[in-house]
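Right, one structure below, let's go through it.
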Amino acid sequence: MQDNRAPCSIWRLPICQGCVEEGGRRVTEQQPLIKNSNPLVTIVTVVFNGAQYIEQTINSILSQTYKYIEYILIDGGSTDGTINIIKKYDKDLEYWVSEPDAGIADAMNKGIALSSGDFILFLHADDFLIDEGSIALAVSLLKQSTAIAAFNIIFRNNNGDSVLKPRGFNCWLNFKTGLLHQGVLCSSNIFERIGWFDTDFSIAMDYEFWLRAYREGIMPDLFPQTLCIMRDTGVSSKRDWPTLRRRFSEERMAHVKHAGSRWMRMVYTLYWLLYLPYRYLKNCLA
C-alpha cells in the first residue's frame, strides 16, 4: 500500500482529565510521533481486571516486526493487579490510562480519540496476535482503497481451537454480524465519515457499527490469513441465556435503529418472533 503524503509530525496530548493514572511515551517523553510513508497502525486494548491474560496481549503486540505501531491501553480502573503489569511496559507503550469508563464502547471511543494511526485495530485483554509478523502481513495486503480489512481469527475455548472466517457485508448482515473486530483493521477515515461506537450498546457495539458502515455503502476487503487468537472469556462469547438475551436485545436495538423502510421493520418483527424462541430452545437443549 503506497502513501504519498509528505512526512509530518502528529502529536496529541492525553485526553485524560483528572484520571486515576496514566503513562506511556506521551506522558514520560513528550516527544512527537513522526509519520512517514508507512501506514501507522494504532492498536487499542481495552481492559478491566484482566491480569490473567493482559501480559500475553501486550507482548504479542510489542514483539511485532512491523515497527510503525502505536499501542494504546485503556483500563477501566482495574483492581486486580492489571495496572502493575501495564506499568512494567510503560516505556514501550504510546499511552495508557486507568480511569472508570461508561462501558466497552466508551473505552474504545477513547482509543479512537487518542489514535494518530491510518488504521486502528481493537485487540482486547483476552486476545493476542498469532505471531510476530501478524501486523506486517496485514499491512502488506492493504490497498489504497481499503476501508476495512477483515482477517480470520482463531476462537479458543475448552474444546480447542476453531477458525472463524469473516462473512463480509451482504444481506445476512441485516440480521447477524459478518465481522469480529479482533480481526479487523479499520481505516481512521471511517470513524470520521460515520462516527464512533454508539455507547448505548454494551455488547453489540461492533455489530451496530458494521451495520452503519454497510448502510453507507462501505465494503470490507476479506483476507484468508489469520490475524489473532480470541479466547472465549469475553462477554460476547458467553452462551448462558441471560447474556444471550442481552446480546439479542442489543442486536434488536441495532435493527430498529437502522431499519429504514416500513417493509424492513416488518421483516425484523417477523425475524425476532421466530428467532428468539428458536435460540431459547437451542440453549435449553445444549
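The set of residues in the range 171-195 that are crowded, with 18+ Cβ neighbours inside 10 Å and not in a helix (DSSP H, G or I) comprises Thr177, Gly178, Leu179, Leu180, Val184, Leu185, Cys186, Ser187. Would it be correct to say that Glu250 is touching a residue at least 24 places away in the same chain (Cβ under 8 Å), within 18 Å of the chain's Cα centre (by Cα) and outside the structural domain of Ala102 (by TED's automatic domain parsing)? Against the criterion (touching a residue at least 24 places away in the same chain (Cβ under 8 Å), within 18 Å of the chain's Cα centre (by Cα) and outside the structural domain of Ala102 (by TED's automatic domain parsing)), Glu250 qualifies. Condition first: farther than 29 Å from Leu141 by Cβ and either of a type in the set (A, V, I, L, M, F, W, C) or at pLDDT 75 or above (or both). Can you find one or more residues in the range 29-45 that meet it? Checked the range 29-45: at least one residue is farther than 29 Å from Leu141 by Cβ and either of a type in the set (A, V, I, L, M, F, W, C) or at pLDDT 75 or above (or both). A residue that is in a helix (DSSP H, G or I), hydrophobic (A, V, I, L, M, F, W, C) and surrounded by fewer than 19 Cβ atoms within 10 Å (Cβ to Cβ) can be found somewhere in the range 138-146.
The set of residues in the range 258-270 being closer than 23 Å to Asp200 by Cα and loosely packed, with under 15 Cβ neighbours inside 10 Å consists of Gly260, Ser261, Met264, Arg265, Thr269.
Of all the criteria given as (1) under 28 Å from Thr269 (Cβ atoms); (2) in a strand (DSSP E or B), the one not satisfied by Ser202 is (2).
Restricting attention to the range 81-93, the residues being outside any helix (DSSP H, G or I) and buried (at least 20 other Cβ atoms within 10 Å of the Cβ) number 1.
The values are calculated or read from the model by the stated rules, or taken from the named source; none is laboratory data. As the structure is a computational prediction, the values presented were derived from the model and not from experiment. No Cβ is skipped: glycine too gets one built from the backbone with ideal geometry, and neighbour counts run over all protein chains shown.
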